[in-house]
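For reference, the structure discussed in these notes is given below.
Coordinate-derived values only; no laboratory data. Small disclaimer: the values here were computed from a predicted structure and weren't measured. Note that each Cβ is placed from the backbone with ideal geometry, even for glycine, and that neighbours are counted across all protein chains shown.
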């Protein structure tokens, strides 16, 4: 059979590949050289070695440095503020006078209560004498006794108000906030200052989601980083975990006790890192997220190198847990297998490759609060 378009060619070979792909190889009259085909190309790639997944994980949380005890202080009675002796940031010693009310009203109330107590006591004495002579009834004496007891109680109340018209520091520390000024009239219980008590030390309080706190417990160590410390770290210990979540945020607060450090200040932002055992979904084999393509549900493919390291073939794998650094593979590969980590874009099953570098997937995974990203397709 003759082909009119085959002039100048000595031979034409038709080859069917995969039932549909047609490749032509021709020999020219002049040189007789064979033109290269696509399968002869060699693709540069980066290789990763399959390793066991990490047996431990790291949980991260961002929190705020606080004094363990930040105590609001105020007066137990209403009145006019006479003086406040400290400003925000000032340090105080135990028992130091922080603030006082105007003693005029408080002192007058105490004197009035004492006068009423004397009158009621005299009235009771008189009624008791008249009762002995039969001139008053027993009921009248009982009413006089009740009046005397009420007057005594009023003296105690006025005396307590007088004694608490001054705010004394319950312990040494620093004034964190001052919310009133001299001359201001305040109600009973109004906050005047907030005292950070040095006796309780400093802590880092960090909100965390329920799935993370389920892997934590009091007494576990935590590594804390603060910008105020530069590249330095502080080794803390979990002292408390909230028993219930915050109603508005749904987060649980974890309290980390910090060692004494002069650079610590209430309000500093820090990052806490906890090392915990790997979750059940983290066990398996670890590979880079960039090595997987054609992901569907919990399955995907990787390019697996042959024994010579010159060709690849597509290998189906079962995907476990995924994050932005690596995937955990639960089936399809074994420890020591070499797979293509980058440069997948032009590869096909059976392609020839040239490994440029070999890298190991990370053995320790950092769990961040953000949602894990999907693997590259």
Within segment 53-84: backbone nitrogen closer than 15 Å to the residue 171 label point (7 Å, Cα to C-beta): 66-73
Alpha carbon centroid spacing (whole Å) that separates segment 169-203 from segment 95-155: 35
Rg(Cα)/(2.2 N^0.38 Å) for segment 71-196, N = residue count: 1.51
Under 20 Å from the residue 62 label point (7 Å along Cα→beta-carbon), backbone N, segment 231-270: 231-234, 246, 248-256, 265-270
Rg and Dmax [Cα atoms of segment 155-236; Å; Rg one decimal, Dmax integer]: 20.2, 61
Taking N as its residue count, the alpha carbon Rg of segment 47-118 over 2.2 N^0.38 Å: 2.49
Kirkwood Rh in Å, taken over segment 194-306 so that all alpha-carbon pairs contribute: 17.3
Theoretical FRET efficiency, 1/(1+(r/R0)^6), r = Cβ-Cβ of residue 40 and residue 235, R0 51 Å, to 0.05: 0.30
Relative contact order of segment 71-196, defined on C-alpha pairs under 8 angstrom at six or more residues apart (%): 51
Estimated FRET transfer efficiency when R0 is 30 angstrom, pair residue 275-residue 296 (beta carbons, to 0.05): 0.35
Efficiency of FRET from Cβ geometry, residue 90 and residue 160, R₀ 25 Å, rounded to 0.05: 0.35
